[in-house]
1. Taking residue 229, is it in contact with a Ser or Thr (Cβ under 6 Å, 6 or more places away or on another chain) and either at pLDDT below 95 or surrounded by 23 or more Cβ atoms within 10 Å (Cβ to Cβ) (or both)?
2. With the condition kept exactly as written, say whether any residue in the stretch 250-264 is closer than 20 Å to residue 174 by Cβ, in contact with a Lys or Arg (Cβ under 7 Å, 6 or more places away or on another chain) and buried (at least 18 other Cβ atoms within 10 Å of the Cβ).
3. Considering each of 184, 226, 232, 180 in turn, give the residue that is touching a strand residue (DSSP E or B) at 6+ places or on another chain (Cβ under 6 Å) and either touching a residue at least 12 places away in the same chain (Cβ under 8 Å) or within 16 Å of residue 95 (Cβ to Cβ) (or both).
4. List the helices (runs of 4 or more DSSP H) inside the stretch 275-356, counting only whole elements, that have at least 2 residues being modelled with pLDDT of 85 or more and in contact with a Ser or Thr (Cβ under 7 Å, 6 or more places away or on another chain).
5. Taking the stretch 265-301 as the search range and keeping residues that are among the small types (Gly, Ala, Ser) and surrounded by fewer than 23 Cβ atoms within 10 Å (Cβ to Cβ), which one is farthest from residue 230 (Cα to Cα)?
6. Considering every residue within the stretch 32-48, establish whether at least one is open to solvent by 40 Å² or more (accessible area, probe 1.4 Å), at pLDDT 90 or above and in a helix (DSSP H, G or I).
7. Criterion first (closer than 20 Å to residue 106 by Cα, of a type outside the set (A, V, I, L, M), modelled with pLDDT of 80 or more and open to solvent by less than 100 Å² (accessible area, probe 1.4 Å)) does residue 25 satisfy it?
8. Quick one: which of 266, 262 is more than 26 Å from residue 192 (Cα to Cα), in contact (Cβ under 8 Å) with a residue 60 or more places away in the chain and touching a helix residue (DSSP H, G or I) at 6+ places or on another chain (Cβ under 7 Å)?
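The values are calculated or read from the model by the stated rules, or taken from the named source; none is laboratory data. Everything numeric in this text was worked out from a predicted model, so none of it was measured. Backbone-built Cβ (ideal geometry, glycine too); neighbour counts: all protein chains shown. In case anyone asks, the SASA skips ligands and DNA or RNA and just uses the protein heavy atoms, side chains included. Shrake-Rupley method; radii C 1.70, N 1.55, O 1.52, S 1.80 Å.
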Amino acid sequence: MGVLTSWEQGDVLAYNLCVLLSPPEWCQLRASHGCLARRLDCDEMTALFTRRLKVRATLTLGLGDCNLPEDAGDPKTPLPVLALASAVVAVAEVLNEASSFPNLTHRDLQPVHQVLRRLHNLALKDRQLMPRERRGRRSSLQRRLLRQFAAQSGLILCLVSLLKVFGLEGLPEQVFVDAAEVIASLIHNAKESKRSFLSAGGLEALLVFLRAKPEAEEVQAAGMAALLALSARSVPSIHSMAIAGAHEVAAAALSRFPFSPRVVARAAGLLANMSNVPSVCPSLQQCGVLRLAQKILDESGSASPDQNSQDSEAPAGGDAMIDTEVNQADQAQDASQQFVRDFVQYLMTNLEEHGV
């Protein structure tokens with residue numbers, strides 16, 4: 001940091017300046033500028049920092065005004081693209097500053113929650129983050145741009161830092177839920193974002209919350225969405241999750257919330273994806289996944305495993321690919337939850353083939 005050591009004639013400060021400094025930098029600045037009368041106390045700094053975050057948060061209003069075409073056609077004007085890019089950068093800045101100065105951030109995390117809620121509304125929109133078999137349908141232009149801008153701005157790393165810095169004691173449950181579901185939307189089809197998430201310790205941070213709050217259905221559902229997205233088409237991610245014990249967390253959630261559609265669908269999708277890696281199947285069996293899968297089939301009125309395996313064809317290439325973008329209208333048309341039974345049956349087939 002460069003420090004001004006002298007004033008030239010005509011130099012004028014016509015505004016108030018607030019700078020966040022480390023103690024050594026403060027001492028250096030104070031020594032060179034005798035006119036600095038006092039150091040702000042903690043309450044004053046917190047108030048100024050909160051106001052700063054709120055001003056930054058207003059820059060994310062563009063997340064609600066994005067009007068990009070659904071197809072790959074070029075937008076008529078670059079303004080919506082620029083608005084989306086600047087708003088995503090503003091979200092990353094708010095999260096980064098809050099995580100960098102947690103002692104100055106008010107415990108309600110109101111500006112953080114505000115920007116996450118706006119991003120959550122845009123990222124999910126009419127989606128429910130439920131599993132489905134891959135259909136080769138490309139994401140909309142807006143969603144692809146959102147993921148690209150998130151990767152370029154370091155938003156994934158900021159979200160991971162938020163989880164790690166504030167932790168169980170400092171992060172409200174609803175903030176965690178929004179953050180986890182935003183992560184799910186941003187990483188499910190982005191290899192580099194998955195790598196960044198894993199290398200930054202995002203998986204471990206998620207599992208800490210899920211293990212600490214087993215009774216919170218919303219927390220479990222959101223965490224399962226993020227884990228499902230991480231597992232989609234990513235063998236390295238599945239290996240990391242198996243080592244970290246994500247399958248045990250998913251099995252516990254399935255057992256605790258057998259009548260929660262979101263928990264059951266997302267956890268079943270996650271375990272089905274993990275069963276695509278033969279070396280992971282014994283670990284799935286050891287934590288009771290086979291028994292839970294059979295219970296789901298029994299309660300859904302499905303036929304016996306032998307009958308199902310005879311009547312249904314295996315997925316093409318022996319691989320059930322599970323995505324995390326399901327339109328609410330599509331979901332309403334499939335009220336029978338047949339897709340969950342299909343994935344559970346596929347999971348059982350893999351376990352019987354590759355398990356111990």
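1. When the stated conditions are applied, residue 229 passes them.
2. No, the stretch 250-264 contains no residue that is closer than 20 Å to residue 174 by Cβ, in contact with a Lys or Arg (Cβ under 7 Å, 6 or more places away or on another chain) and buried (at least 18 other Cβ atoms within 10 Å of the Cβ).
3. Only one candidate passes the filter, namely 232.
4. The helices (runs of 4 or more DSSP H) meeting that bar are 281-286, 338-354.
5. So, considering only residues that are among the small types (Gly, Ala, Ser) and surrounded by fewer than 23 Cβ atoms within 10 Å (Cβ to Cβ), the one farthest from residue 230 (Cα to Cα) is 301.
6. Scanning the stretch 32-48, I find no residue that is open to solvent by 40 Å² or more (accessible area, probe 1.4 Å), at pLDDT 90 or above and in a helix (DSSP H, G or I), so the answer is no.
7. The answer is no for residue 25.
8. The match here is 262.
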